[in-house]
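Below you'll find the structure, written out as structure tokens, and then a few comments.
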Amino acid sequence: MNILITGASGLVGQRLVPQLKAKGHNVRTLSHQKGKGDFYWDREKIDTQAFEEVDVIIHLAGASISHRWTPTYKKLIHSSRIDTANLLFKYAKDYAPELRTFISASGSSYYGQVTSDRIFEEEDPAGSDFLAQICVDWEKAAYQFQALGTRVVCLRTSMVLSQQGGALDVLKKPFKVGLGANLGTGKQWMPWIHLEDLCGLYIKAVEDDTIKGNYNAVSPAKLNQDAFNRQLADSLNRPFIMPSVPAFFVRTGLGEMSDLILKGSRLSTRKVEKSGYRYIFPDLKEALTDLI
Ligand SMILES: NC(=O)c1ccc[n+]([C@@H]2O[C@H](COP(=O)([O-])OP(=O)(O)OC[C@H]3O[C@@H](n4cnc5c(N)ncnc54)[C@H](OP(=O)(O)O)[C@@H]3O)[C@@H](O)[C@H]2O)c1
């Protein structure tokens with residue numbers, strides 16, 4: 001298939017593109033940095049050649065959420081995902097008559113940053129906080145493509161664990177010097193997915209026409225932060241003896257963004273498993289053994 005992919009220079013795209021190519025797909029990349037991808041786009045225009053005979057669009061683009069959430073930066077988090085999806089739609093209407101599938105990244109934050117006993121299923125309602133509302137708008141922008149008769153898939157992605165970059169690099173640092181500690185109570189759930197499984201889900205979404213709608217892109221192992229940190233320390237052969245960092249300090253340091261660290265939910269993998277996808281790394285110990 002001819003696949004156009006945005007945000008391909010990021011953590012997920014760098015691994016997904018070679019995997020798609022290895023499976024025989026023709027992949028072209030659309031970058032907001034001149035000279036970085038096969039095609040360039042800005043806020044207003046896209047080289048129309050990017051859409052020639054395109055069957056599938058994968059929309060990964062989005063400014064990182066790991067920056068302080070000032071009002072200006074919040075607008076960028078929104079526009080880099082939603083305005084870009086709207087622009088893709090505007091062009092696809094005119095220049096991609098063969099478009100069969102639109103696959104968009106979304107976030108496990110869709111359900112809101114809460115710590116509760118609930119295990120969220122895809123049909124559960126969205127949360128009301130900032131990231132949840134970003135996910136709502138992001139998915140709404142994706143579902144516009146249904147008007148073109150296009151199959152739409154949104155992957156509600158949790159923290160992606162990979163060998164290079166991303167969350168694991170940040171999480172590992174204090175543990176490596178024996179200073180790893182829980183942030184807040186440690187009881188908050190910490191959904192995660194190994195990069196190989198996330199790429200596996202994108203590939204399944206490309207190749208399997210029965211995949212439609214929203215999917216929780218998380219691993220089936222549901223751990224709270226304390227259990228996650230204990231496994232991380234163990235995998236790094238380091239002690240886990242530091243007292244927890246009180247939530248107050250994290251909030252003071254990070255502001256609203258601290259909710260990402262101090263709160264967290266469990267997400268169901270029932271729909272993913274029912275789709276026939278078999279996880280490569282369902283278990284954190286195995287995932288960390290592979291990555292560290
Ligand atoms: N990694 C995670 O833990 C995680 C978790 C949940 C959801 N997600 C979502 O999954 C998608 C892919 O994740 P990722 O980890 O690969 O992200 P990433 O490493 O931050 O890369 C995102 C890509 O988006 C493009 N981009 C950045 N700022 C942009 C802007 N202002 N306007 C337009 N494009 C911009 C860049 O690609 P170009 O330079 O090529 O344009 C960048 O490489 C993202 O939308 C992310 O929010 C990721």
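Among R278, R81, R230, the ranking by other beta carbons within 10 Å of each residue's beta carbon, starting with the fewest, stands as R278, R230, R81. Note that region 179-184 has calculated 3J(HN,Hα) couplings of 10, x, 8, 5, 9, x Hz, one per residue in order, obtained from phi through the Karplus relation 6.51 cos²θ - 1.76 cosθ + 1.60 (θ = phi - 60°); glycine and proline are x.
For the pair Y73 and D208, label points projected 7 Å from Cα toward Cβ lie 3.7 nm apart. Counting 0.36 nm for each residue step from Q33 to V114 and taking away their Cα separation leaves a gain of 25.6 nm. When both bridge partners sit in the chain, DSSP labels roughly 5% of those beta bridges antiparallel.
Quote the Stokes-Einstein diffusion coefficient, in whole µm² s⁻¹, for region 131-286, based on the Kirkwood radius over alpha carbon pairs, a temperature of 4 °C and a viscosity of 1.567 mPa s. Answer, rounded: 76 µm²/s. Each principal axis of the Cα cloud of region 34-74 was taken in turn, and the coordinate range along them, longest first, works out to 40, 19, 18 Å. Placing unit charges on the Cβ atoms of the charged side chains and taking the dipole of the chain about its Cα centre, the candidate lying farthest along the positive direction among V170, P18, T269 is V170. Between W192, W138, W69, the residue with the greatest mean-square fluctuation in the GNM of the chain (Cα pairs under 10 Å linked by springs) is W69. Rounded to the nearest Hz, the phi-derived 3J(HN,Hα) couplings of region 277-292 under the Karplus curve 6.51 cos²θ - 1.76 cosθ + 1.60 (θ = phi - 60°) are 6, 10, 5, 7, 10, x, 10, 5, 4, 5, 4, 6, 4, 5, 8, 9, where x marks glycine and proline. In a reduced charge model with +1 at each Lys and Arg Cβ and -1 at each Asp and Glu Cβ, the chain shows a dipole moment near 660 debye about its Cα centre. For region 194-211, the Karplus equation 6.51 cos²θ - 1.76 cosθ + 1.60, evaluated at θ = phi - 60°, returns couplings of 6, 3, 5, 6, 5, 4, x, 5, 4, 5, 4, 5, 5, 8, 10, 5, 7, 7 Hz by residue, with Gly and Pro reported as x.
Work out the FRET efficiency for R251 and R230 from their Cβ-Cβ distance, taking R0 = 30 Å, and round it to the nearest 0.05. The calculated FRET efficiency here is 0.80. Rg/Rh for region 151-220 stands at 1.10; both radii use Cα atoms, and Rh follows the Kirkwood definition. Note that region 190-255, at 10 °C in a medium of 1.306 mPa s, gets a Stokes-Einstein diffusion coefficient of 105 µm²/s from its Kirkwood radius over C-alpha pairs. Size descriptors for region 1-89 (Cα atoms only): Rg and Dmax, in that order, 13.4, 43 Å. Geometric descriptor of region 64-109, per residue, is 78 Å³ (volume of the convex hull of the Cα atoms).
Spin-label pair K187-S244: with each label point 7 Å from Cα along the Cα-Cβ axis, the two points sit 0.8 nm from one another. For region 2-291, the calculated P(r), taken from all Cα-Cα distances in 10 Å bins from zero up to the bin holding the longest distance, is 6, 28, 36, 22, 7, 1 percent.
Around the amide H of S158, modelled in the peptide plane, lie the amide H atoms of S108, A217, all under 5 Å away and 5 or more residues distant in sequence or on another chain.
Under 30 Å of direct C-alpha separation, and excluding same-chain neighbours fewer than eight residues apart, K90 reaches these lysines: K21, K23, K34, K36, K45, K74, K75, K140, K204, K212.
Please work out, to two decimal places, the log10 of the ratio I(q)/I(0) at q = 0.20, 0.27, 0.31, 0.32 Å⁻¹ from a Debye calculation in which every Cα of region 1-44 carries one identical scatterer. Those come out to -0.58, -0.94, -1.11, -1.14, one per q. When only alpha carbons of region 34-157 are considered, Rg and Dmax amount to 15.5, 49 Å.
In the chain, helices alone account for a calculated mean residue ellipticity at 222 nm of -11000 deg cm²/dmol, with every DSSP H run of four or more residues adding -39,500 (n - 2.57).
Within the listed set I280, I241, I58, the residue fluctuating most in the Gaussian network model of the chain (springs between alpha-carbon atoms under 10 angstrom) is I241.
Every read-out reported here was derived from the displayed coordinates using simple, explicitly stated rules and does not represent laboratory data. A quick note: this is a predicted structure, and the numbers were derived from the prediction, not measured. Note: ideal-geometry Cβ built from the backbone for every residue, glycine included; neighbour counts use all protein chains shown.
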